[in-house]
Amino acid sequence: MKKFIVGGTIFYMLADGERMQSGDMDYDCSYHYIIWPSNDFWRVKYRCSKEWESITDKVFDTENAAFNCAYDHFLNATKALYGR
């Protein structure tokens, strides 16, 4: 599992066959994104409370494309919160 942390938000990138366990969660961060491979595609979910939720129904060809979608979501959420 790879992790990227920015602005109190953590992005988890799972390898093929890897599963997220509750002990893997970093509760020092307020917001979480998970990116994982699924049937030759990559998917993304977001969590700010107790449940993971989809930010898009789209699947991505690469891990990088999935990460870019998650990061764009993060930037837009930040803009909405802070008006920047």
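Every number in this text was worked out from the coordinates using simple rules, so none of it is lab data. What you are looking at is a predicted structure, and each value in this text was computed from that prediction instead of being measured. We place every Cβ from the backbone using ideal geometry, glycine too, and count neighbours over all the protein chains shown.
Within segment 3-32, name every residue whose backbone N is under 19 Å away from a label modeled 7 Å from Cα of Thr62 along the Cβ vector. Output list for this probe position: 3-4, 12-16.
Computed from backbone phi, the HN-Hα couplings of segment 8-19 come to x, 10, 10, 10, 9, 10, 8, 8, 4, x, 7, 10 Hz, rounded to whole numbers (Karplus: 6.51 cos²θ - 1.76 cosθ + 1.60, θ = phi - 60°; Gly and Pro given as x). For the chain, the longest principal axis of the C-alpha atoms and the axis of helix 63-82 are separated by about 20°. In this rough spin-label picture, where each label sits 7 Å from Cα along the Cβ direction, the Ser22-Ser54 distance is 2.6 nm.
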